[in-house]
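Enquirer: Attaching a single structure in structure tokens format; questions to follow.
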Ligand SMILES: [Zn+2]
């Protein structure tokens, strides 16, 4: 089939302008182009181990490679890896980080509980392997900006009984928080969850206030959801939710961890949990196109597509 002259011209203009997101633009012709786009992938959870239930650990490398190839075709501005990239051993990173290294776009990592589930004593290496010790305050949380948007990455392993060596003050503080939740019979009082510590929460509030002052729109990433409620949310989900809801700048919060995925909307903010790559035989990932009035989340594999409107934005 021959491309129409109009489409050819548009494609040429896009190439000449150095357009870095070609997904919808090149194909739709008349449709307005997104401002930019970013990729999302969650719970790759690679380990060199036989399948367990619905988790096919060794298949994760092929599924990740497929996502990387697609991203390289679509050319997003960046890709966010939403946590639990590996499981079981620090050496698991040697199988997946080189695949992510083939991405042409920069990768932003988010720490997950299974990232911390490495050999005893090696937990502090995880932030180094993911380069998170070099971002923000070096504790796994940080932010970055692009074209009027602020992207805020939270570290839900800040308080964790998994991500720090046994006997450490971090595990003691996390155990105290978990025990308190257990006395309330909270469904998320589980060792596989984690929390956001006081210093990070204060940093989040400062970062959101600065973004609102600069009239930026904000997207938050955290391995653990704060909504919908369930057994997989952050230990202090309510505190983080209150901070997000209090900010007029926040548009969406993307997470992983709950492998079946999920969605909730509250106060005009979208809470999206991506489906886990490690589940089943098909991959699951998304490309989020940013427009002035909405985010168009295009799902691939098992991930559904969603339109996330921006509150207060006029079409
Ligand atoms: Zn997880």
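Enquirer: Please verify whether region 23-38 includes one or more residues that are at pLDDT 95 or above, within 16 Å of the ligand (Cβ to nearest atom) and surrounded by 21 or more Cβ atoms within 10 Å (Cβ to Cβ).
Expert: Looking through region 23-38, none of the residues is at pLDDT 95 or above, within 16 Å of the ligand (Cβ to nearest atom) and surrounded by 21 or more Cβ atoms within 10 Å (Cβ to Cβ).
Enquirer: I've got another one for you. Go through region 278-300 and give me each residue that's more than 25 Å from residue 47 (Cβ to Cβ) and either more than 19 Å from the chain's Cα centre (by Cα) or assigned to a loop (DSSP other than H, G, I, E, B) (or both).
Expert: Result: 291, 292, 293.
Enquirer: Take the conditions surrounded by fewer than 17 Cβ atoms within 10 Å (Cβ to Cβ), touching a residue at least 12 places away in the same chain (Cβ under 8 Å) and under 17 Å from the mean Cα position of the chain (by Cα) and apply them to residue 209. Does it pass?
Expert: Judged against the criteria, residue 209 is not a match.
Enquirer: Please enumerate the residues belonging to region 174-204 that are surrounded by 14 or more Cβ atoms within 10 Å (Cβ to Cβ) and closer than 16 Å to residue 243 by Cβ.
Expert: Within region 174-204, 195, 196, 197, 200, 201, 203, 204 qualify.
Enquirer: List the residue pairs whose Cβ atoms are under 8 Å apart, where the first residue sits in region 234-247 and is closer than 17 Å to residue 219 by Cα, the second is at pLDDT below 95 and not in a helix (DSSP H, G or I), and the two are 6 or more positions apart or on different chains.
Expert: 245/267
Enquirer: So, one more: Quick check: anything in region 196-206 over 20 Å from residue 147 (Cα atoms), within 16 Å of the ligand (Cβ to nearest atom) and touching a strand residue (DSSP E or B) at 6+ places or on another chain (Cβ under 6 Å)?
Expert: no
Enquirer: Are any residues in region 165-185 more than 16 Å from the ligand (Cβ to nearest atom) and either in contact (Cβ under 8 Å) with a residue 40 or more places away in the chain or part of a strand (DSSP E or B) (or both), and if so, which ones?
Expert: Those that are more than 16 Å from the ligand (Cβ to nearest atom) and either in contact (Cβ under 8 Å) with a residue 40 or more places away in the chain or part of a strand (DSSP E or B) (or both): 165, 166, 177, 181.
Enquirer: Could you count how many residues in region 262-276 are in a loop (DSSP other than H, G, I, E, B) and either over 16 Å from residue 39 (Cα atoms) or within 12 Å of the ligand (Cβ to nearest atom) (or both)?
Expert: 4
Enquirer: Tell me, which residue of region 233-258 that is buried (at least 23 other Cβ atoms within 10 Å of the Cβ) and within 12 Å of the ligand (Cβ to nearest atom) is nearest to residue 201 (Cα to Cα)?
Expert: 234
Enquirer: In region 104-124, how many are more than 13 Å from the chain's Cα centre (by Cα), in contact (Cβ under 8 Å) with a residue 40 or more places away in the chain and away from the ligand (no atom under 16 Å from the Cβ)?
Expert: Here the count works out to 4.
Enquirer: Looking only at region 58-67, decide whether some residue is crowded, with 19+ Cβ neighbours inside 10 Å, away from the ligand (no atom under 16 Å from the Cβ), over 15 Å from the mean Cα position of the chain (by Cα) and farther than 20 Å from residue 192 by Cβ.
Expert: Yes; the residues of region 58-67 include at least one that is crowded, with 19+ Cβ neighbours inside 10 Å, away from the ligand (no atom under 16 Å from the Cβ), over 15 Å from the mean Cα position of the chain (by Cα) and farther than 20 Å from residue 192 by Cβ.
Enquirer: Of the residues that make up region 230-248, is at least one touching a strand residue (DSSP E or B) at 6+ places or on another chain (Cβ under 6 Å) and closer than 18 Å to residue 54 by Cα?
Expert: No, region 230-248 contains no residue that is touching a strand residue (DSSP E or B) at 6+ places or on another chain (Cβ under 6 Å) and closer than 18 Å to residue 54 by Cα.
Enquirer: While we're on this one: Every residue in region 77-91 that is within 16 Å of the ligand (Cβ to nearest atom) and touching a helix residue (DSSP H, G or I) at 6+ places or on another chain (Cβ under 9 Å), please.
Expert: 81, 83, 84, 85, 86, 87, 88
Enquirer: Considering each residue of region 212-230, count those that are more than 16 Å from the ligand (Cβ to nearest atom), under 15 Å from residue 146 (Cβ atoms) and out of contact with any helix residue (DSSP H, G or I) (no Cβ under 6 Å at 6 or more places or on another chain), and give that number.
Expert: The total comes to 6.
The values are calculated or read from the model by the stated rules, or taken from the named source; none is laboratory data. As the structure is a prediction and not an experimental result, all values here were calculated from the model. No Cβ is skipped: glycine too gets one built from the backbone with ideal geometry, and neighbour counts run over all protein chains shown.
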